[in-house]
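Following: one structure in structure tokens, then a few remarks.
The values are calculated or read from the model by the stated rules, or taken from the named source; none is laboratory data. Computed from a predicted model, the values in this text were never measured in an experiment. Here the Cβ positions follow ideal geometry from the backbone for every residue, glycine too, while neighbour counts run over all protein chains shown.
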Amino acid sequence: MPLYLGNHRIEDVEVSINHKYADTVTELAGGGVQHTLIADLDLSQDTVTPQSLMRGYTAHDASGTPITGVGLGKLTVKRYSSYTTNLYGYYSGINEIEIDLNNGTNGSQVIVAWLVFTDCYGKITYKNCPATLTTSTSSSDVLRQIENVREIDFGGMAAPATLTRFYYNISHSYAYGDYTVYIKNIDFSNVTTFNNCFAMSGNSPDSHIDVDVDWSLSTVQASLSIAVSMTKRSMLELFNHLSTQTTGTLSLKQMNLDKLTAEEIAIATAKGWTVTA
């Protein structure tokens, strides 16, 4: 079926990356005109990178530059013994590591440590999870010394009562400019000791790293200290999931308080919490 612009039949349509629609009109020898339309495709908000795209596939990045994927896909690790799940090593081209906890049959320790995604931003996903995770008995670590991770999905598990060094010494060698690490699907409601849980090191001086924690499963009761830059969305969600307290304290660092208005901080203080830098 032919296309028409006004009373003119469109004989040719081209698509390229520009900021506006453009209509080029060419007079035809036999009379009439030919319209060439240039369509606007705004890629500036796209987040695809060679590392996040499967190997061999092609796309365009946010600048419109053609890229070819280098990612290899998902690696699944299943627990068959009670040994702590330490995934030591360097993982080249792996986009996702899926940890199957076998419904806690062989223990529910979920520590992941000394893991490096070497040429991509990676995701860690837990599946077939027990109701409550347990941490290393020696240090209470859950995530430690992980490099270039972009998302950690805990599959709906509840954190234990004592939680220290939950998110510790996470670094990013590929992060330039703004970057966010997402922590999802974990319930912090039962935590009564919540110390030194969010710390990060090793970032490039050219990068600004935010941590976005999903608090939607939680009713937060324990005082906590956050030593990393948090997204504003995550802080407001935390405030909305605070229990009513008389002694609760949130130490958020000045870099986080600077993102919030007095009215937003008042969401926490109205529930009896002290919010400090």
Q: Have a look at Ser204, Ser189, Ser216 and point out the one that is modelled with pLDDT under 85 and not in a strand (DSSP E or B).
A: Ser204
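Yes or no, residue by residue, for (1) at pLDDT 80 or above; (2) under 22 Å from Val181 (Cα atoms):
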residue: Arg55; (1), (2): no, no
residue: Ile67; (1), (2): yes, no
residue: Val70; (1), (2): no, yes
residue: Asn86; (1), (2): no, yes
residue: Glu98; (1), (2): yes, yes
residue: Cys120; (1), (2): no, yes
residue: Lys123; (1), (2): yes, yes
residue: Tyr126; (1), (2): yes, yes
Q) Across region 253-275, what is the number of residues that are loosely packed, with under 13 Cβ neighbours inside 10 Å and more than 24 Å from the chain's Cα centre (by Cα)? A) 4
Q: Being small (Gly, Ala, Ser) and either under 20 Å from the mean Cα position of the chain (by Cα) or modelled with pLDDT of 70 or more (or both) is the filter here, so list the residues in region 100-118 that pass it.
A: Gly104, Ala113
Q) Which residue pairs have Cβ atoms under 9 Å apart, sit 6 or more places apart or on different chains, and have a first residue in region 245-264 that is within 15 Å of Met230 (Cα to Cα) and a second that is charged (D, E, K, R)? A) Asn256/Lys232; Lys259/Lys232; Leu260/Lys232; Glu264/Lys232
**Q.** Hey, Asp178 at pLDDT below 70, outside any loop (DSSP other than H, G, I, E, B) and among the charged types (D, E, K, R) or not
**A.** yes
(Q) Among the residues of region 219-241, what is the count of those that are over 15 Å from Tyr179 (Cβ atoms) and assigned to a strand (DSSP E or B)? (A) 4
